[in-house]
1. Can you tell me which residue in the stretch B:64-77 is farthest from the other protein chains (Cβ to nearest Cβ), limited to those that are of a type in the set (D, E, K, R) and in contact (Cβ under 8 Å) with a residue 24 or more places away in the chain?
2. Do you know which residues across the stretch B:15-42 are over 20 Å from residue A:5 (Cβ atoms) and either modelled with pLDDT of 95 or more or surrounded by 13 or more Cβ atoms within 10 Å (Cβ to Cβ) (or both)?
3. How many residues, within the stretch B:9-41, are without any contact (Cβ under 8 Å) to a residue 24 or more places away in the chain, closer than 16 Å to residue B:64 by Cα and either in a helix (DSSP H, G or I) or more than 7 Å from every other protein chain (Cβ to nearest Cβ) (or both)?
4. Which of the strands (runs of 3 or more DSSP E) found entirely inside the stretch A:14-94 contain at least 2 residues meeting this: small (Gly, Ala, Ser)?
5. Return the total of residues in the stretch A:57-90 being buried (at least 22 other Cβ atoms within 10 Å of the Cβ) and closer than 30 Å to residue B:31 by Cβ.
6. Give just the number: which of (1) in contact with a helix residue (DSSP H, G or I) (Cβ under 9 Å, 6 or more places away or on another chain); (2) within 14 Å of another protein chain (Cβ to nearest Cβ); (3) not aliphatic (A, V, I, L, M) does residue A:103 not satisfy?
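The values are calculated or read from the model by the stated rules, or taken from the named source; none is laboratory data. Owing to the predicted nature of the structure, the values given are computational and were not obtained by experimental measurement. All Cβ positions, glycine included, derive from the backbone under ideal geometry; neighbour counts span all protein chains shown.
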Amino acid sequence: MNGQDGYLSAIVIYADKRKKNKILATFKHQLLTDAGKDWMHQQVYTNTAAGTRGAGFIASTESSITPAVGNTTLTGEISTNGLARADATTKTHTAASNSSTVEHTFTASGAFTSVLASALFNASSAGTMPHIANFATGSGTLATNDTLKITWTLNLS
Amino acid sequence: MAMIEGGGFRCDAHEFKTNEIEEWNTHCFGNPEHTESGSTVCTSCGVIVVFTGLPYHKIDPITGSKNISLKCEECESRTMGTVKRTVVQ
């Protein structure tokens, strides 16, 4: 492995069809955390027992954060109203390539002021957080039945 | 063309590398070496569907999504059964 890049994309689709969909991020480059790097090396090279499952859980936050490689948790992680950390519904790797995709569509079951950032985890709670990133722009107000589709593209080579 | 920064997409099998989504899609689409493997949920009943050898699905250059939409074997066969019955009637 001589490089690892993660990209975050996200779009809001409003239940009110009169409102235009809002793109929050398109292939926004972001951080591989130190904890994530350690975890990857352990999973792939140094573990002497079975490792953990993949980092296919997507979380998000309304907190204003500055992603840093030392981050191990997502500050203000949302835990209610449909936007709590979720096991991504689709995870796929393209054979003979350096690319995988992890994506999930969240449906709000309550109101949110503005979702600002996302992260990947390897467990449904706690766990290691290998990737973290801000959206390019906040979601703004979300209402019940609005959907937020978050897609992570993970490239390594 | 939608460009990404950083390491971009890479295929060592064909010594191909690009930072453009559309170019990557064009390279992989229809290429039998670039199949998809992973999991998703059945669009009908919601059970987890594990797949391998699925033809390459293009990445949406705006949302990043692969938009993989599959049914589990049971729902698929039920759908087929409905179609057959419709034809017979």
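1. B:74
2. Scanning the stretch B:15-42 gives B:26, B:29, B:31, B:33, B:35, B:37, B:39, B:40, B:41, B:42.
3. Qualifying residue count, the stretch B:9-41: 5.
4. Counting at least 2 such residues, we get A:57-61.
5. 3
6. If we test residue A:103 against (1) in contact with a helix residue (DSSP H, G or I) (Cβ under 9 Å, 6 or more places away or on another chain); (2) within 14 Å of another protein chain (Cβ to nearest Cβ); (3) not aliphatic (A, V, I, L, M), just (1) comes out false.
Here is a yes/no grid of residues against (1) farther than 17 Å from residue A:104 by Cα; (2) part of a helix (DSSP H, G or I):
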residue	(1), (2)
B:43	no, no
B:49	no, no
B:53	yes, no
B:59	no, no
B:62	no, no
B:65	no, no
B:69	no, no
B:79	yes, yes
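Each row is one residue, and each column tells you yes or no for (1) at pLDDT below 95; (2) touching a Ser or Thr at 6+ places or on another chain (Cβ under 6 Å).
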site: A:51; (1), (2): yes, no
site: A:73; (1), (2): no, no
site: A:85; (1), (2): no, no
site: A:91; (1), (2): no, yes
site: A:104; (1), (2): no, yes
